[in-house]
Amino acid sequence: MTATPETARWEALAAARTRGDVGEGIASVLALLGRPDVISFAGGFPDPETFPRERISSLLQEFAAAGELSAFQYAPTRGLAGPLDAFADRLETLQGRRPAEDELMITSGAIEALELIGKSFLDPGDVVVVEGPTYLGAIQAFRSFEATLVAVPLDEHGLEVDELERQLAAGLRPKLLYTIPDHQNPAGVSLTEERRAPLVELARLYGFLIVEDVAYRELGFTDEALPSLWSLGPDVVVQAGTTSKTFCPGVRLGWAVGPAEISARLVAAKQLTDQCAGALGQRLFEESARRGWIDEQLARSRALYRRKGERVLAALERSLPAGTRWTRPEGGFFSWLTLAGSADSVALAQRAVEHGVAIVPGTLFFPDGRGTDTVRLSFSLVDDAQIDEGIEKLGALL
Ligand SMILES: Cc1ncc(COP(=O)(O)O)c(C=O)c1O
């Protein structure tokens, strides 16, 4: 933002918690997306080809013709009964545990679940452990409550649980630990099964709450799904989920499931944010899930992202210089590059945009300035036909 007398005036009135770099990071990523002349590996948006436009249109007509009221009215804060039941059914089928009624709520996207958790649990200075790197929106959400973020590294097997244990033993005392165990954003790796139960045990031992973000869990390229942390530790895990990547972000819908006492606090916090997630989106999702349409859409989306992911990996293999490393995602939207010889990824991103390719410098995904030699590549939105050309250009710049 340019400093004018006007901005300085409102800056002086702004709450302290908004004065960090909150908001700027995502805005700069989104700004790159709009340029039609750029091949963008930047944003993590779902491919619009997956959106069920016709089915949504027919459902809307059905609701109107049937004189349905609930889709158009305010909803209870926890969510409408039918959609809650549909979410509970999916959790039972996909994660092997059905939540009790007082454990589940519907949110306006996963980002709202993170916001509600922060609002309910974080005082200024409280410690939140995140993965280094992690989802930028989560860094911003927790920062907005003036939490102190501590990044514990991850490797190709996900969060380094041994390292976390060492830091806990040395005195680290987080209130929350935020993790994305499946097809992580931005690193494209998953937490191995061997690390899952020990992580849950650490939460029990040291008394922190695990915030499990499952945004990409259902977007695996194979049918293999590891047990969710919530299914392993429903007493110490609150799970935030979203329909943005499996249905469409336009409905802004997600869920939070966790211990009943925690759920009650999140519901209370939601009464003071948006009061309820939009009923129309809830009903559209419920009907789509009940008719098997979500599963059909998922099968197509997984095949689409798998194809794009494989193409990106093949292009990286062909075009990137020796010494550059990258992760091999088995689901989700991302591969994570580590540049050779500690090259500067911010400078690379700037030069890349000048040459018509958008990438995101990895340092944005660390709360502590690390990752200056890393890059996030998102393959979800880029046209198949442009993948090779985009990666070739990147390779030439490197
Ligand atoms: C890891 C992760 N969590 C949450 C979200 C946000 O989900 P929603 O659209 O439901 O707010 C995203 C979106 O990019 C994400 O990558």
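Residues being away from the ligand (no atom under 11 Å from the Cβ) and either modelled with pLDDT under 95 or outside any helix (DSSP H, G or I) (or both): count how many of those fall in the stretch 259-284.
7
Look through the stretch 344-387, keep the residues that are touching a Gly at 6+ places or on another chain (Cβ under 7 Å), among the hydrophobic types (A, V, I, L, M, F, W, C) and part of a loop (DSSP other than H, G, I, E, B), and return whichever of them is nearest to Val127 (Cα to Cα).
Filtering first and then ranking leaves Phe366.
If I go through the stretch 176-195 residue by residue, how many of them are in contact with a helix residue (DSSP H, G or I) (Cβ under 6 Å, 6 or more places away or on another chain) and more than 19 Å from Phe365 (Cα to Cα)?
Counting residues in the stretch 176-195 that are in contact with a helix residue (DSSP H, G or I) (Cβ under 6 Å, 6 or more places away or on another chain) and more than 19 Å from Phe365 (Cα to Cα) gives 1.
Residues to consider are Ala256, Ala240, Ala215; find the one that is within 16 Å of the ligand (Cβ to nearest atom) and either assigned to a loop (DSSP other than H, G, I, E, B) or of a type in the set (Ser, Thr, Tyr) (or both).
One residue alone meets the criteria, Ala215.
Which numbered condition in (1) away from the ligand (no atom under 14 Å from the Cβ); (2) under 30 Å from Gly292 (Cβ atoms); (3) surrounded by fewer than 16 Cβ atoms within 10 Å (Cβ to Cβ) is the only one that Gly220 fails?
Unmet for Gly220, out of (1) away from the ligand (no atom under 14 Å from the Cβ); (2) under 30 Å from Gly292 (Cβ atoms); (3) surrounded by fewer than 16 Cβ atoms within 10 Å (Cβ to Cβ): (3).
Identify, from the list Gly390, Gly341, Gly323, the residue that is on the phi > 0 side of the Ramachandran plot and either in a helix (DSSP H, G or I) or polar (S, T, N, Q) (or both). Walk me through how you get there before you give the answer.
Working: Gly390 fails: on the phi > 0 side of the Ramachandran plot; Gly323 fails: either in a helix (DSSP H, G or I) or polar (S, T, N, Q) (or both).
Gly341 is the lone residue from the list that is on the phi > 0 side of the Ramachandran plot and either in a helix (DSSP H, G or I) or polar (S, T, N, Q) (or both).
Quick one: Arg143 ticks every box in (1) at pLDDT 95 or above; (2) within 16 Å of the ligand (Cβ to nearest atom); (3) of a type in the set (D, E, K, R) bar one, so which box is it?
Condition not satisfied by Arg143: (1).
Identify the single condition in (1) in contact (Cβ under 8 Å) with a residue 60 or more places away in the chain; (2) open to solvent by less than 10 Å² (accessible area, probe 1.4 Å) that Asp384 does not satisfy, given that it satisfies every other one.
With (1) in contact (Cβ under 8 Å) with a residue 60 or more places away in the chain; (2) open to solvent by less than 10 Å² (accessible area, probe 1.4 Å) applied to Asp384, the lone miss is (2).
The values are calculated or read from the model by the stated rules, or taken from the named source; none is laboratory data. These figures come from a predicted structure and were not determined experimentally. Heads up, the Cβs are rebuilt from the backbone with ideal geometry, glycines too, and the neighbour counts pull from every protein chain shown. Side chains are part of the model used for accessible areas, which takes the heavy atoms of the whole protein and leaves out ligands, DNA and RNA. Shrake-Rupley method; radii C 1.70, N 1.55, O 1.52, S 1.80 Å.
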